[in-house]
């Protein structure tokens with residue numbers, strides 16, 4: 001999938017920043033104050049840009065600094081989640097989570113292999129759901145990760161135990177969104193096999209400890 005961006009130059013507080021918006025949105029933007037409710041960071045040729053996904057006009061005009069004659073990113077291809085600053089008003093916040101224990105059994109590896117084939121060879125969707133396991137003999141707070149690619153959901157691993165306390169209160173929220181970020185076959189880890197990273201999007205900001213943990217997710 002390719003998304004065309006247009007470069008914008010904006011001021012947040014007293015700091016001038018480089019940003020990009022989708023080209024279809026750029027034609028409607030004018031100088032003024034905006035409320036950004038969804039954003040992330042990307043890096044193009046070593047330079048960081050803020051992707052402003054959702055903007056709402058705040059009405060009052062402001063004097064923005066002129067756009068510098070630096071290069072406009074044509075094909076941003078990688079995204080890194082940044083921690084929203086304290087002044088940002090965020091409607092939803094998406095973070096990556098590593099799924100633990102994917103190499104624990106052949107059944108989990110088989111399910112991940114099938115999901116990998118559906119995603120990358122057949123370009124078909126793979127669905128994710130989170131399931132509480134209060135009767136888990138090792139951890140009553142465990143949250144299992146299940147994938148469905150063909151006919152039924154199969155357990156492929158667990159969320160890290162130190163993060164489950166932040167996710168438990170969200171499981172009954174219909175706005176919670178869980179999706180596959182990446183499935184990869186790795187030969188450099190101690191256990192060779194398929195590994196899974198998912199994304200979880202919640203209303204409002206994730207706690208700082210969760211944001212810190214997500215920065216270690218590859």
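To keep it simple, each residue is scored yes or no on (1) touching a strand residue (DSSP E or B) at 6+ places or on another chain (Cβ under 8 Å); (2) surrounded by fewer than 17 Cβ atoms within 10 Å (Cβ to Cβ); (3) more than 25 Å from residue 191 (Cβ to Cβ).
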position	(1), (2), (3)
113	yes, yes, no
121	no, yes, no
142	yes, no, no
147	yes, no, no
153	yes, yes, no
157	yes, no, no
162	no, yes, no
175	yes, yes, yes
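Taken as a whole, region 94-109 holds at least one residue that is in a helix (DSSP H, G or I) and surrounded by 13 or more Cβ atoms within 10 Å (Cβ to Cβ).
In this entry, residue 163 passes the filter for residues that are touching a helix residue (DSSP H, G or I) at 6+ places or on another chain (Cβ under 8 Å) and assigned to a helix (DSSP H, G or I).
Selection of first residues in region 95-116 that are farther than 23 Å from residue 151 by Cβ and of second residues that are assigned to a helix (DSSP H, G or I), restricted to Cβ pairs under 6 Å at least 6 apart or on distinct chains, gives the following pairs, ordered by first then second residue: 95/214; 96/214. Of the residues in region 181-193, not one is within 13 Å of the chain's Cα centre (by Cα), at pLDDT 90 or above and under 24 Å from residue 134 (Cα atoms). Taken together, the residues in region 118-136 that are at pLDDT 95 or above and in a loop (DSSP other than H, G, I, E, B) amount to 4.
Is it the case, given these coordinates, that residue 181 is in contact with a strand residue (DSSP E or B) (Cβ under 7 Å, 6 or more places away or on another chain) and in contact (Cβ under 8 Å) with a residue 24 or more places away in the chain? Taking the combined requirement at face value, the residue satisfies it.
You will find that of 196, 190, 205, the residue that is part of a loop (DSSP other than H, G, I, E, B) and in contact (Cβ under 8 Å) with a residue 60 or more places away in the chain is 205 and no other.
The values are calculated or read from the model by the stated rules, or taken from the named source; none is laboratory data. If you're wondering where the values come from, they're calculated on a predicted model, not measured in any experiment. Heads up, the Cβs are rebuilt from the backbone with ideal geometry, glycines too, and the neighbour counts pull from every protein chain shown.
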